[in-house]
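Asks: So that we are looking at the same thing, I have put the structure below in structure tokens.
Throughout, read-outs are computed from the coordinates displayed, never taken from laboratory work. Computed from a prediction, not measured in an experiment: that's the story for all the values here. Neighbour counts run over all protein chains shown; Cβ positions are idealised from the backbone, glycine included.
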Amino acid sequence: MEQLKTIGRELAIGSHGGWGQSKEFLDLVKSIGEARSKAEEDRIILREVESLRRRIAEPDVPRRKMKDYIIRLVYAEMLGHDASFGYIHAVKMTHHDALPLKRTGYLAVTLFLSEDHDLIILIVNTIQKDLRSDNYLVVCAALAAVCKLINEETIPAVLPQVVDLLAHPKEAVRKKAVMALHRFYQRSPASVSHLVSNFRKRLCDSDPGVMGATLCPLFDLISADGNSYKDLVISFVGILKQVAERRLPKTYDYHQMAAPFIQIKLLKILALLGSGDKQASGHMYNVLGDIFRKSEQSSNIGNAVLYETICCVSSIYPNAKLLEAAAEATSKFLKSDSHNLKYMGVDALGRLIRINPDTAEEHQLAVIDCLEDPDDTLKRKTFELLYKMTKSTNVEVIVNRMIEYMINISDNHYKTEIASRCVELAEQFAPTNEWFIQTMNKVFEHAGDLVNVRVAHNLMRLIAEGFGEDDEGAESQLRSSAVDSYLRILREPKLPSLFLQVICWVLGEYGTADGKYSAAYIIGKLCDVTEALLCDDTVKAYAISAIMKICAFEIAEGRKVEMLPECQSLIDELSTSHSTDLQQRAYELQAFLCLESQAVERVMPLDASCEDIEIDKNLTFLKDFVQQSIENGARPYIPESERSGMSNVSNFKSQYQHEASSHMLRFEAYELPRPSPAHVIPQVSVPTPIADLVPVPETTYNSKTSQASKLPSVTDASSAAHGLKLHLDGVQRRWGRPTYSSSSGPSSTTSTEKTTNGVTHIDGVSSQPRDKLNESRRQQPEVSAEKQKLAASLFGGSAGKTEKKATSTQRAPKGNTRNAERPGATRSVSPETSKEKAAPSVPDLLDLGEPNPTSTTIVDPFKQLEGLVGPTPVPSPLDNSVKTSGLETPDLMAAVYTDLPPSGSSSGSLGSTIGDMYSADKTSNTATSAPSIKKGPFPQDSLRKDARARQVGVTPTGNNPNLFKDLLG
Amino acid sequence: MIHFVILISRQGKVRLTKWYSPYQQKERSTVIRELSGLILTRGPKLCNFVEWKGYKVVYRRYASLYFCMCIDPDDNELEVLEIIHHFVEILDRYFGSVCELDLIFNFHKAYYILDEILIAGELQESSKKAVARVIAAQKTSTNLAKDSLVENAKEETGSISNMISQAI
């Protein structure tokens, strides 16, 4: 009896204990886990959904059961099945008072509903109520739902309350309120435009989490309009300085870095603010230099911050010293073994060469290694870099490489991108017209349906117009070579439609122009085109027009056109086509063949595709007629703008909008005594902390900043001054050490200065790796000759000063004389030929195989580089400031460390479980984590878990052996 | 901005999805199918980033589970990689050496935790302690509510055993 009782109790508790879910849910998950195929999984879920559909609609489902059903619905939806019948129940669940149920309801609706779902209107009222709740957890849940569900239409319903919450005592609520406003800004910038000052205020929040969250909306605002926020530069720099100096609470540290996520966000904002602004950038140099100095490359997050700093430095007004540090960091990335870092390095290099194209030279081999890496991601990134550094000297190699790669990929999205890049580069930098046409042919052949139609038209125009010069010979040479190549290409079985259009047009215009091919031959080819597999109506129209042109030229020459049988059948077919356009063309052709030669010559003149057709927009030839009509009593024409009925369109529109806005949904409850609707005057609707609601007038800010600018100097940057400027007094007190005073900074002039920050040190660092590089180059005979050639052809030309031309969408008519000189150039330009071209003009860095001329040229670039390094020791005011700010750091760091004897108490213990991700962390942490008994991969732990799993009846399946392994183990 | 977060197992089974940008149910299935085809086949030494339809997907493998986040092309990949790790560390702290099973059976809790870390596709909290504090507060309030439920259940059990005794 007693036994039965305990069994019964265990059963009952088992349904909520353990994992906290019902047996049915656990069974469902288990059977899904054991499903061997997607089809089986789908079957199970469909059965589950059916049973849920039945049971959820039953009357009086207990709340606990309902929660379980909803979670199962979420699961079904997560696996890609439709659970829309349960949405309304999830909405109902949000109305419950009990927090767990409410949260489940909110979780489900945020996962189920998109922002334009009809049911959202039913939740708005609940959200409004919950935002006013005393329990901050309810408010948090409601705010999370606000971020996902509130759309442009419903923003006014919750906006005033969300703004109120910015002053909530709980930082978790303030933070979420800021994020919600950020979301509102993304949805509809106009709705929160009057609240921008609130973001500025939150920047000074005493809680770093809230401050960090505020950076998100500020980043968006600044990227939309940077100029209105220039006054914040000093504040941002101040915050970044404090963060980098570890003034934030320890809990914000991540893998021994001081609040790296906040640093990254700040660096992004500074990059925006400093871009093209010399004065703003000037404020940043100091702190950026500090971050470079403190950077550590052993952890991923350290590299993330470093990368962001490089981005920032390359975006703001250039500073030689910082750029040098950035280049150094980049080269470390590129030399790393990790693919991730190489990837970041290639990206960073792409940013740096925009400022100084010579940066790339040092890394030629690394870049080529990345280009030939089996990793597709890295390869694509490298192509992006090459695209950025293309010039007329290396365009052939780069474009050929790109096309080679393009042929072998199946990802249409990327294929389109790389094809359009090839076209763009070819249009800008093509060395010869011949090469241009060959390149375009290749692009069309392999990605024809993916490129823009405009490109095809450009190509046709190019062939037709020639290249703007009067060398007739070269032009006809080019045309006949185009015709030749197209006739050859037509043998290919599958050609994209767009390419066929180009071919048809060119064959029609110039197929018989040089007399090499007979009209019958070309017409036959064109008929073949129409029978091709991928031939659509447009191609047919192009083909028949081309046939018409050729016939016309023949008739004009006085020759007899003999109608080929396949051509006749084509005409017959098209004249009964469903497309009226094709019919029209077919009949025109038939009519054409009966005309005499003079008429034909007038209708279809030879090679007249480029002649301008004059269009008389004012219709002057109708003047007489109009005059006559007016004389006969007709009314004169009144321009549309002066006609009365539509007097002012814009006025009408605004009126309409006004009406629309007054018809907008109203969200405030009827019983509220306030007379004015909330969305019209948000300030009035909620009276409590008015100060927050009323937008802070701009003038107060201006006065603050002007105060700030009156302060003596920025470079001496004592943190107290920053606190003053920022109005961060509260922050200062909370983040900083209480004993810290600004006077302790300068007193720390210790010997560390020279070792860490001295100019000599910098000099040494910068020259050392270069020496190494030099050595390694000498020691690299195994680098294949082919690679070296490739490097030479890619980078060798970088000394050439040809700049990318601005944004000429069409290929500029240039280089024609050269084309005339070498009409019979080889079809595809191999790296060798381009190298030949590059070699005489540019010193080759890497050709160590040929000793006599290169030994001298090797020296040259280094001298140049040394020239770059040279000026740095020259003492400049900025230099000094860097040094002084650097002086403070060792002291501070020491203070921080002595403050906290068991360093890394929290992250240390974690580090042991997650250690293998960060081997470097591990070594530093194992000592501290050893005594910690909180947790870790203890055998008991996993045994217990295993036992629980068995109890529930889940056993690891054979094909899923790793299921039970710890994620981090 | 992060457009979505997906957790998939090595067999391509979905463990968690969170969409911050609007995607229809159909699109979601396609996205998951495409990405699992792309990511699960990649070798161990390659980049943790994949370019995908003009976006970038950062992924990281823990045991047999892949955490994937889709971001804009101008976002910092390494940072997102660490956001993933930040999330995993918090999961680890919450579940106590987290394993895939924890996430399978407690996916709703994983959602709650994710909601405390990311909001609207942005990192909202980078302090593990702050996240843990809120989660703990939620847990205690949930437990309070649950206790009453357990009481109810116990009463039910009592009545069942009464019935049993009566039957005997």
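Asks: Per 5 Å bin from zero, what fraction in whole % of the C-alpha pairs of region A:386-432 is there, up to the bin with the longest pair?
Replies: 5, 24, 35, 20, 11, 4, 0
Asks: Restricting to Cα pairs below 8 Å that are 6+ residues apart, what does the relative contact order work out to for region A:411-552? Please round to a whole percent. List each step's numbers first, then the result.
Replies: Values: 132 pairs, mean separation 32.3, N = 142.
For region A:411-552, the relative contact order is 23 percent.
Asks: Still on this structure, please answer the following. How much length is gained if the chain between A:T576 and A:V453 is pulled fully straight, taking 0.36 nm per residue apart and subtracting their Cα-Cα distance, in nm to one decimal?
Replies: 41.4 nm
Asks: Binning at 5 Å from 0, report for region A:361-498 what percent of all alpha-carbon pair distances ends up in each bin.
Replies: 2, 9, 19, 20, 20, 14, 8, 5, 3, 0
Asks: First obtain the Kirkwood hydrodynamic radius of region A:113-176 from its Cα pairs, then insert it into the Stokes-Einstein equation at 10 °C and 1.306 mPa s, and state the resulting D in µm² per second as a whole number.
Replies: Reported coefficient: 135 µm²/s.
Asks: Please compute the Kirkwood hydrodynamic radius of region B:1-153 from all pairs of different C-alpha atoms, in Å with one decimal.
Replies: For region B:1-153, inverting the mean 1/r across all distinct Cα pairs yields 16.4 Å.
Asks: Shielding by partners for A:251-264, please: the mean number of other protein chain Cβ atoms within 10 Å of each residue's Cβ.
Replies: Mean partner shielding for this stretch: 4.
Asks: Taking the Cα centre of chain B as origin, work out the dipole magnitude from +1 charges on Lys and Arg Cβ and -1 charges on Asp and Glu Cβ, in debye rounded to 20. Provide the component values of the computation, followed by the final result.
Replies: On the way: 21 positive and 21 negative charges, 109 e Å.
Result for chain B is approximately 520 debye, rounded to the nearest 20.
Asks: While we're on this one: Shape of region A:416-566 from its Cα gyration tensor (a ≥ b ≥ c, root eigenvalues): rounded if a/c is under 1.5, otherwise prolate when a/b > b/c, or oblate?
Replies: Oblate, because a/c is 1.5 or more while a/b does not exceed b/c.
Asks: With label points built 7 Å along Cα→Cβ from the Cα atoms of A:A591 and A:D528, find their separation and express it in nm.
Replies: Output for this residue pair reads 3.2 nm.
Asks: Taking every residue in B:127-137, how many Cβ atoms of other protein chains lie within 10 Å of its Cβ, on average?
Replies: Mean number of neighbouring Cβ atoms from other chains: 5.
Asks: Further question on the same structure: Sort all Cα-Cα distances of region A:517-575 into consecutive 10 angstrom bins from zero, then give the percent of pairs in each bin up to the one containing the longest distance.
Replies: 23, 58, 18, 2
Asks: So how tilted is helix B:107-117 from the main axis of chain B? Cα-based, degrees 0 to 90, rounded to 10.
Replies: Between the helix axis and the principal axis of chain B, the angle is about 60 degrees.
Asks: Tell me the relative contact order for chain B as a rounded percent, counting alpha carbon contacts under 8 Å between residues six or more apart.
Replies: 19 percent
Asks: Compute the distance in nm between two label points, each set 7 Å from the Cα along the Cα-to-Cβ direction, one at A:K623 and one at A:R354.
Replies: 5.4 nm
Asks: Another question, then. At a Förster radius of 30 Å, what calculated FRET efficiency corresponds to the Cβ-Cβ distance of A:Q584 and A:I630, to the nearest 0.05?
Replies: Numbers: r = 37 Å, r/R0 = 1.25.
According to the calculation, E is roughly 0.20.
Asks: To make sure I understand, if each residue's beta carbon is the centre and we count other beta carbons within 10 Å, what order do A:V561, A:V443 fall in, fewest to most?
Replies: With the sparsest Cβ surroundings first, the list reads A:V561, A:V443.
Asks: Then there is this: Treat each spin label as a single point 7 Å out from the Cα along the C-beta direction, and report the A:K170 to A:A39 distance in nm.
Replies: Output for this residue pair reads 5.0 nm.
Asks: What's log10 of I(q)/I(0) for region A:49-204 at q = 0.08 Å⁻¹, Debye sum over Cα points only, no solvent?
Replies: Debye output, listed in q order: -0.25.
Asks: Any chance you could run the full-extension gain for A:S191 through A:K494? It's 0.36 nm times the residue separation minus the Cα-Cα distance, nm to one decimal. Could the numbers behind the result be given before it?
Replies: Values: separation 303, 0.36 × 303 = 109.08 nm, distance 5.37 nm.
Working it through step by step, the gained length comes to 103.7 nm.
Asks: What average number of partner chain Cβ atoms lie no more than 10 Å from the Cβ of the residues making up B:72-78?
Replies: Values: counts 0, 1, 2, 2, 12, 7, 16.
Across B:72-78, the average partner-chain Cβ count within 10 Å equals 6.
Asks: So for region B:1-84, Kirkwood radius off the Cα pairs, Stokes-Einstein at 37 °C and 0.692 mPa s: how many µm² s⁻¹?
Replies: My calculation gives 258 µm²/s for D.
Asks: Report, in deg cm²/dmol and to the nearest 500, the calculated mean residue ellipticity at 222 nm for chain B, where each DSSP H run with n ≥ 4 adds -39500 (n - 2.57) and the sum is divided by the residue count.
Replies: -18500 deg cm²/dmol, from helical runs alone.
Asks: Starting from a Cα-only point model with no solvent, please compute log10 I(q)/I(0) by Debye for region A:281-382 at q = 0.19, 0.21, 0.24 1/Å.
Replies: Debye curve over Cα of region A:281-382, log10 I(q)/I(0) at q = 0.19, 0.21, 0.24 Å⁻¹: -0.88, -1.05, -1.29.
Asks: For region A:409-470, report the translational diffusion coefficient in µm²/s to the nearest whole number, using Stokes-Einstein at 37 °C, 0.692 mPa s, and a Kirkwood Rh over Cα pairs.
Replies: It diffuses with D of about 273 µm²/s by this estimate.
Asks: Exceeding 23 Å between C-alpha atoms, which entries from my cross-link table qualify? They are A:K391/A:K494; A:K342/B:K56; A:K230/A:K342; A:K335/A:K388.
Replies: Violating the 23 Å limit, Cα to Cα: A:K391/A:K494; A:K230/A:K342.
Asks: If you take the Cα atoms of region A:212-345, find Rg, then find the Kirkwood Rh from the mean of 1/r over all pairs, what is Rg/Rh?
Replies: Rg/Rh for region A:212-345 comes to 0.96.
Asks: Please give the peptides B:8-19, A:68-79 ranked by average Cβ packing (other Cβ atoms within 10 Å per residue), highest first, as a rough proxy for protection.
Replies: Details: B:8-19: 19.0, A:68-79: 22.2.
With the highest mean Cβ count within 10 Å placed first, the list reads A:68-79, B:8-19.
Asks: Restricting attention to the alpha-carbon atoms of region A:151-278, what are Rg (one decimal) and Dmax (integer), both in Å?
Replies: Taking only Cα atoms of region A:151-278, I get Rg and Dmax of 14.9, 45 Å.
Asks: Name the long-range amide H neighbours of B:Y62: under 5 Å, sequence gap of 5 or more, or other chain; modelled H, no Pro or chain starts.
Replies: Under 5 Å from the amide H of B:Y62 lie the amide H atoms of B:F67, each far enough along the sequence or on another chain.
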